[in-house]
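Inspection log for the structure reproduced underneath, given as structure tokens.
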Amino acid sequence: MIAERWINWIVLLGFVVLPLWALFADEPFTITLATRAVILALAAVGLNIALGIGGLVSLGHAVFFGLGGYAMGILAHHAQTYAPLELGPLVIEGTKSMPIIWVTALVTSALAALVIGLLSLRTTGVYFIMITLAFGQMFFFFSISWSAYGGEDGLSIYVRNDFPGLNTLQPIQFFGLCLAVLCLALGIHSRLRTSPFGLALNAARQAPERVETVGLNPMRLKLLAFVISGALTGLSGALFADLNRFVSPTMFSWQLSGELIVLIIIGGVGRLMGPVIGAALFVALEHLLGGLTEFWLVWLGVILLLIVLFARGGIIGILTGKAGPNV
Amino acid sequence: MILLKVENLHASYGPVPALFGVNLELAAGEVLALMGRNGMGKTTTVKAICRMIPANGGLSFDGQDLHRMPSHAVARLGLGLVPEGRRCFRDLTVEENLIAAARRGEWTLQRVTALFPPLEARRAQRAASLSGGEQQMLAIGRALMTNPRLLILDEATEGLAPIVRQEIWSAITAIKQETGMAILLIDKSLRELAQVADRAVILGRGKTVWSGAMTYVTADVARDYVGI
């Protein structure tokens, strides 16, 4: 059995070595694939805070992913059309600056998570899942009918947004930026998990009524976790939109929320690198099997089935021999 | 100074009434034994005090009415509960169990592990893998880490080996002597209660049927009201 920290370092090393190899082998598409894996991993790391530590099975996290994407799409769209965004008396200029777009994505997603969390966290179990799903569908259908930003067809962005000091049009530089953000998110997750807040959240997942008897408000703990989780997933949405230079209602789809959960389960629920391993495997299978058959998701389903039945700790659980937390 | 005041407390589990008029008072620094036969409402009284179940009647802590408060707010006022059946956070380690509940005050990780040396040796061990006695120590330690003004122990020695029971009683005595913390004790061990408690309240059929100094809990009183 391998210690989890070694697995974590090996995975991170893989994410450094593979794109560097691709750079020297002149395989930019591999770098793009790695970038896609990193961004999906970031989204799942966000969800893993709510799901893995807090036990919140959210089937509506695509809301935050989509909001982050549309925050990028709308700001960049107004920048490229030179037409300001008019919200009643408020006039906002478009921008191609990634830091500004990221802050917008973080704030928008966090606010949405606050509102959705306040309503949905009053319920538990299957009702929580259904409410978050309902919010996801609301945003999905709203975006379909939002003709100002492409409606069902989505919105294309013709430029890659800027980051100070970097040429983000270079795949390797954009990849490095995304990897740095992912590492930051992993750092947040790691600190959070062992902080008094993270421990209390973990305790609230196990026994909310017992947490109350030691003076902690489980609703407040879960809400804060949900907001942090939503904000990180929103940030990943902005990066995803930048990678594809395209946003569409599919970013809000419940299938995407489901995919994020699948990534976490495959890698290991509540494990630091679980979402990263899950995302890497997902993108690799999508690329390798997707070229052979359009039914590649069937094979992903088989893997998921085997893991759920025989390895509740996911791939990290298999490698370490330790099951993950019960969610 | 009266810390906890319970007057004519009534409570029910859904349509089933469980308390019909519990009265008790607990002063700061005092140790009160809450006694009674099984099913007489001792644990229900504790749950009502901690606002884990709805109740009617007078219920105040340090002069503050507890009725409008949620359970976590009551705990933050300074009520530390060690619930019946230990109920540690099973997936967390010993240290994590203690840190998760910690609030500033004289009870720190070092002081709790000094009070319960077995916990020091098992700091990195998951709570689920501890023995019953160690889990009980952890449950008391977790409550102490909230730095309460009133510690409520519900059957803290139930089902434990005699040597472990002795360790728990020694710890309770040490808490009383070293900190002067108010303690509400539910237990069936008359001999140990007599050594620690200042006063006793006995419940019968969901209401207070006897109260007085612990020295007056004679064998006759215990036999008549508690059945021991």
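The values are calculated or read from the model by the stated rules, or taken from the named source; none is laboratory data. What you see is a predicted model, and the numbers here were worked out from it, not measured in a lab. So basically every Cβ, Gly included, is an ideal-geometry build from the backbone, and we count neighbours across all protein chains shown. We work out accessible area using only protein heavy atoms, side chains counted, and drop any ligands, DNA or RNA first. Shrake-Rupley method; radii C 1.70, N 1.55, O 1.52, S 1.80 Å.
Miscellaneous remarks
- Longest exposed-site-free window of chain A, the sites being GluC sites (Glu not before Pro) in a DSSP loop that have at most 13 other C-beta atoms within 10 Å: A:94-293
- Working note: Cα atoms of the protein assembly as shown, range along each principal axis, descending, whole Å: 91, 58, 42.
- Scaled against the 2.2 N^0.38 Å expected of a compact globular protein of N residues, the Cα radius of gyration of region A:29-100 reads 1.44.
- Across peptide B:73-80, the mean count of Cβ atoms from other chains lying within 10 Å of each residue's own Cβ comes to 3.
- Among the GluC sites (Glu not before Pro) in region B:59-131, those placed in a DSSP loop whose Cβ has at most 16 other Cβ atoms within 10 Å are B:Glu106.
- Exposed loop sites were defined as trypsin sites (Lys or Arg not before Pro) in DSSP loop states (anything but H, G, I, E or B) carrying at most 10 other C-beta atoms within 10 Å; in chain B the longest segment without such a site runs B:105-228.
- Fraction of antiparallel bridges per DSSP, the protein assembly as shown only, in percent to nearest 5: 60 percent
- Across chain A, the relative contact order, built from alpha-carbon pairs under 8 Å that are at least six residues apart, equals 32 percent.
- Kyte-Doolittle at least 0.0, axis length at least 24 Å by Cα - qualifying DSSP helices, chain A: A:4-24, A:28-48, A:62-81, A:98-120, A:125-145, A:171-194, A:218-244
- Bridge type composition, region B:2-226 - antiparallel percent by DSSP, nearest 5: 55 percent
- Cβ-based charge dipole, the protein assembly as shown, positive-most Cα from A:Ala280, B:Leu9, B:Gly227: B:Gly227
- For the protein assembly as shown, the fraction of 1.4 Å probe accessible surface lying on carbon and sulfur atoms is 62 percent.
- 1.4 Å probe accessible area per residue over chain A, in Å²: 44 Å²
- For B:Gln195 and A:Arg220, the FRET efficiency from 1/(1 + (r/R0)^6), where r spans their Cβ atoms and R0 equals 35 Å, is about 0.25.
- Taken along its three principal axes, the alpha carbon spread of chain B comes to 45, 40, 35 Å, from the longest extent down to the shortest.
- Among A:Ile157, A:Ser253, B:Thr157 - extreme Cα towards positive end, dipole of the protein assembly as shown, charges at beta-carbon: B:Thr157
- Those aspartates and glutamates that a straight Cα-Cα span of less than 18 Å connects to A:Lys322, excepting residues fewer than 8 apart in one chain: A:Glu4, B:Asp91
- Here region B:2-226 is treated with +1 on each Lys and Arg Cβ and -1 on each Asp and Glu Cβ, and its dipole about the Cα centre works out to around 420 debye.
- Calculated mean residue ellipticity at 222 nm for chain A: -23000 deg cm²/dmol, from DSSP H runs with n ≥ 4 weighted as -39500 (n - 2.57), summed, divided by the residue count and rounded to 500.
- Region B:2-226 - accessible surface per residue (Å², probe 1.4 Å): 41 Å²
- Value of D in µm² per second that Stokes-Einstein yields for chain A, Kirkwood Rh from Cα pairs, at 10 °C (1.306 mPa s): 79 µm²/s
- The B-A contact accounts for approximately 1600 Å² of buried accessible area, totalled over both chains at a 1.4 Å probe radius.
- Each Lys or Arg adds one and each Asp or Glu takes one away; over the other residues whose Cβ falls under 14 Å from the Cβ of B:Ala161, this sums to -2.
- Span-like helix check, chain B: qualifying full DSSP H segments, with Cα axial length of 18 Å or more and mean Kyte-Doolittle of -0.5 or more, are B:132-145, B:162-179.
- Mean separation of Cα pairs under 8 Å and 6 or more residues apart, divided by the residue count, gives region B:10-151 a relative contact order of 24 percent.
- Qualifying lysines (Cα of each under 24 Å from Cα of B:Lys207; at least 8 residues distant if same chain): B:Lys5, B:Lys42, B:Lys47, B:Lys188
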